[in-house]
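Trainee: Please find one structure pasted underneath; my questions will follow.
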Ligand code: NAD
C-alpha cells in the first residue's frame, strides 16, 4: 500500500454497471484514490494502460469480460499489483492464466462478492452434507436480461459447494435444465436452472429435498452496490497483505470463514 496509507486503485470498465458503482464508492472513500480507469478501446473516461504509472497502483478492481483476462493477468503479475477479480463466465484457459498470475501477486477472485452469498455457500455445504448424497438438489438463479453467461458463476459455486460437501465431482452430477422425455430424476444429480428477467440484480435459490422433507436456502441481492462493497473490502484485505510480499489466489472464504 502507498506510504500515504491511501489505497490507490485502478478500476476496469468505468461505464459498466459494476464499474460505475465502484468508481462512485472509491471517489467517496477517504482512504481510497481512484488513480485511473481502463476499459475497452475508446471507452469513455478510460485511460490507456500504457499511460498509467503502475508503480503507483496498489489494486486493480476488475469486473469486465473474459477477453480482458490475459492482459490484466500479465499486467498485475508484472507490476505486483493486487487483482480483485469479479468477472464471471471464464473458461479453463483464463483460469490457468489467473493461477499463473497468483504465483507473482495477490489475486482475490470471487464469482460473487456479497457477504450474504458467502454465508449461503457455507450453509448449502452444511445442508448438503447433512441430508446426504441421495437428496435432490436443484439450484435456480435469476438475473437481469443483460447477463451474457448462464448459469451464473454464483450458481456454479453453490453447486460446487454442495457437490464437494457430499463427496461428488460436480462435473459428474450436474444437470443443466430439463426438456423432453428426460426420464426419472437420477439420484445424486444437481439440477441448474437460469431465469433472465428484467433488471433482477441476482437471486439464488438452493432447493434440497428427500422423500420426506424439503429445505429452501435463498439469497436476494437487492442492489448491485453489495458486490462493489465486497470488492472494496477485498481490496483493503489485499492492500494490508501486499506490502508483506503476499502472493496467491484467495476468495471470500478469507472474509467469511467456514
Ligand atoms: P457491463 O457490461 O455493464 O460492464 C462491463 C465493462 O467491462 C464495460 O465497461 C466494458 O467496456 C468493459 N470491458 C468489456 N470488455 C473489455 C475488455 N476486453 N477489456 C477491458 N474492458 C472491457 O457488465 P457488468 O454487469 O458490470 O458485469 C461485468 C462482469 O462482472 C460480468 O462478468 C458479470 O457477470 C460480473 N459480475 C460479477 C459480480 C461478482 O460479485 N463477482 C457481480 C456483478 C457482476
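The values are calculated or read from the model by the stated rules, or taken from the named source; none is laboratory data. If you're wondering where the values come from, they're calculated on a predicted model, not measured in any experiment. All Cβ positions, even for glycine, are placed from backbone atoms using ideal geometry, and neighbour counts span all protein chains on display.
Trainee: Tally the residues that are outside any helix (DSSP H, G or I), at pLDDT 95 or above and within 11 Å of the ligand (Cβ to nearest atom), restricting the search to region 203-232.
Mentor: Residues in region 203-232 being outside any helix (DSSP H, G or I), at pLDDT 95 or above and within 11 Å of the ligand (Cβ to nearest atom): 1 in total.
Trainee: While we're looking at this one, here's another question. Would you please list the contacts, defined by Cβ atoms under 9 Å and residues six or more apart or on different chains, that run from a residue in region 71-95 that is within 17 Å of residue 40 (Cβ to Cβ) and without any contact (Cβ under 8 Å) to a residue 24 or more places away in the chain to a residue that is within 14 Å of the ligand (Cβ to nearest atom) and part of a helix (DSSP H, G or I)?
Mentor: From residues that are within 17 Å of residue 40 (Cβ to Cβ) and without any contact (Cβ under 8 Å) to a residue 24 or more places away in the chain, the pairs are 71/49.
Trainee: Is it the case, given these coordinates, that residue 73 is closer than 25 Å to residue 239 by Cβ, within 16 Å of the ligand (Cβ to nearest atom) and buried (at least 21 other Cβ atoms within 10 Å of the Cβ)?
Mentor: Yes, satisfied.
Trainee: Oh, and also: When region 44-58 is examined, which residues are found to be touching a strand residue (DSSP E or B) at 6+ places or on another chain (Cβ under 9 Å) and either within 19 Å of residue 243 (Cα to Cα) or away from the ligand (no atom under 11 Å from the Cβ) (or both)?
Mentor: Listed by number, the residues that qualify are 47, 48, 51, 52, 53, 54, 56, 57, 58.
Trainee: Now for a separate question. Just need a number here: residues in region 102-156 that are part of a helix (DSSP H, G or I) and either more than 10 Å from the ligand (Cβ to nearest atom) or touching a strand residue (DSSP E or B) at 6+ places or on another chain (Cβ under 8 Å) (or both).
Mentor: 20
Trainee: Which one of 61, 6 is buried (at least 23 other Cβ atoms within 10 Å of the Cβ) and closer than 21 Å to residue 242 by Cα?
Mentor: Result: 61 is the single residue among 61, 6 that is buried (at least 23 other Cβ atoms within 10 Å of the Cβ) and closer than 21 Å to residue 242 by Cα.
Trainee: What number of residues within region 203-219 are within 13 Å of residue 155 (Cβ to Cβ) and touching a helix residue (DSSP H, G or I) at 6+ places or on another chain (Cβ under 7 Å)?
Mentor: The total comes to 4.
Trainee: Go through (1) within 16 Å of residue 157 (Cα to Cα); (2) in contact with a strand residue (DSSP E or B) (Cβ under 6 Å, 6 or more places away or on another chain); (3) surrounded by 12 or more Cβ atoms within 10 Å (Cβ to Cβ) one by one and return the number of the condition residue 253 breaks.
Mentor: (2)
Trainee: It is to be established whether one or more residues within region 29-43 are touching a strand residue (DSSP E or B) at 6+ places or on another chain (Cβ under 7 Å), closer than 24 Å to residue 226 by Cβ, assigned to a loop (DSSP other than H, G, I, E, B) and touching a residue at least 12 places away in the same chain (Cβ under 8 Å).
Mentor: Yes, that holds for at least one residue.
Trainee: Let me ask something else. Here are the criteria: (1) surrounded by fewer than 18 Cβ atoms within 10 Å (Cβ to Cβ); (2) away from the ligand (no atom under 13 Å from the Cβ); (3) touching a residue at least 40 places away in the same chain (Cβ under 8 Å); (4) farther than 10 Å from residue 249 by Cα. Tell me which single one residue 99 does not satisfy.
Mentor: Condition (4) is where residue 99 drops out.
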